[in-house]
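Structure first, commentary second.
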């Protein structure tokens, strides 16, 4: 008899269907494990959405915290003359600015030498600039303009002077420039010439080995040329004359940094500091939207449909309740840094209704900004810091969301291990079922053949 190649072929029984249905029953535990895995993955996805919403709220809260540096807008009517930035102590106001002189750095140049590698004399240069003083030794290894330049720039004690060699068709020059502007940063150079003649004449065309004395500069008759005198910035602020060593001026106008870029003598520019009420309202609106978006995500993933008796991914989850509790606590607790009669966000028009939705009362907010500017500033800064700290604790690597997500991932791993073992067991069960039904199929087929033979023989006898 030919071998059976497919279950039921020999016997006519639907053995394949029987095995399939038996295995469907055997696989019910695997289906349950897969359902649990999908549930856990849905929780991870939900926590990811809530974590993202928390990060957005943290950004909005941080903008509150940094609002102290953004509460004023500053403008200069002629932006080519100067720019202005504000700090927390700046106050609204208007000023007339006239820049009569920019601060400049002292610059000296040597006379022309035929090339930067021409040998000079040897000795010692002592360079003083402001409070910085240092000396370099010039010997046979560095007694060229390039060598002296490199020695100056490499000197550890040199914090104030930079040296360059500049070359054109006529030859090369050593140029020394103070790193700082201002009259107090004048460069002076004294020379100790090894040949004992500190007044060596110098002629780039005839003297092939001039002494170092040409590099002296003490502010009077000298062998270095002054290209740019050291000078202070001179300005008039509301017609009051002021002098500064730098073009970056701090607190000439309280709480500001003024950067001068162009002289405008006789044509004052107007510097204006004004409260940025519109910018503050934008910060408040962004914060409210971020908070409500978070509430939407929380509601979405914790909702329960009573009609269909269907729970969401995080319905009843204790971690979500903890997040909600901590945020509400941060919004209820008045920060210790808040100063003034107004204490809470609700006092400046930012409140939460009975449904948990946050909103801004524009009229109340604008009134608080107009009448209690510093107090409003204090409230925004205080609550911004408090919420930033709270959300950081919730979302960082040691926070409750990370801990909960890690726990869920560990549970998924355990389920995966169980599914792997169960799949191995199911494979063995199916092999046994198929072996038994194959034997049954063979037996029934054999019996049917015998029955057919006997029926034929009996028919012949009859």
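For 291, 95, 304, the sequence from fewest to most other C-beta atoms within 10 Å is 304, 95, 291. Its Cα gyration tensor gives the range 216-325 an equivalent ellipsoid. The semi-axes, each the square root of 5 times an eigenvalue, are 66, 20, 11 Å from largest down. The value of relative contact order for the chain, using C-alpha pairs under 8 Å at least six residues apart, is 24 percent. On C-alpha positions alone, give me the angle between the axis of helix 318-332 and the longest principal axis of the chain, in degrees, nearest 10. Relative to the chain, helix 318-332 is tipped by roughly 30 degrees. Taking the longest Cα principal axis of the chain as reference, the axis of helix 145-154 is set at about 60 degrees. Taking every alpha-carbon pair under 8 Å whose residues sit at least 6 apart, the range 234-369 reaches a relative contact order of 16 percent. Over all directions, the projected convex hull of the C-alpha atoms in the chain averages 47.8 nm² in area. With respect to the chain, whose longest principal axis is taken over its alpha-carbon atoms, helix 277-302 is tilted by about 20°.
Each peptide among 255-264, 325-334, 120-129 gets the average number of other Cβ atoms lying within 10 Å of its residues, and from highest to lowest they stand as 120-129, 255-264, 325-334. Any idea what diffusion coefficient the range 90-165 gets from Stokes-Einstein, in µm²/s, Kirkwood Rh on alpha carbon pairs, 20 °C, 1.002 mPa s? This corresponds to a translational diffusion coefficient of 141 µm²/s.
With a Cα-only, solvent-free Debye model of the range 344-403, what are the log10 I(q)/I(0) values at q = 0.17 Å⁻¹? Cα-only, vacuum Debye calculation for the range 344-403: -0.68. Panel note: the C-alpha atoms of the range 312-462, placed on their principal axes, show extents of 123, 32, 18 Å (largest first). Distance between the C-alpha centers of the range 98-151 and the range 269-325? Whole Å please. Answer, in whole Å: 64.
All of the numbers you see were taken from the coordinates with simple rules; none came from a lab. Quick caveat, the model's predicted, so the values are computed rather than measured. Cβ sites come from the backbone with ideal geometry, for glycine too, and all protein chains shown count toward neighbours.
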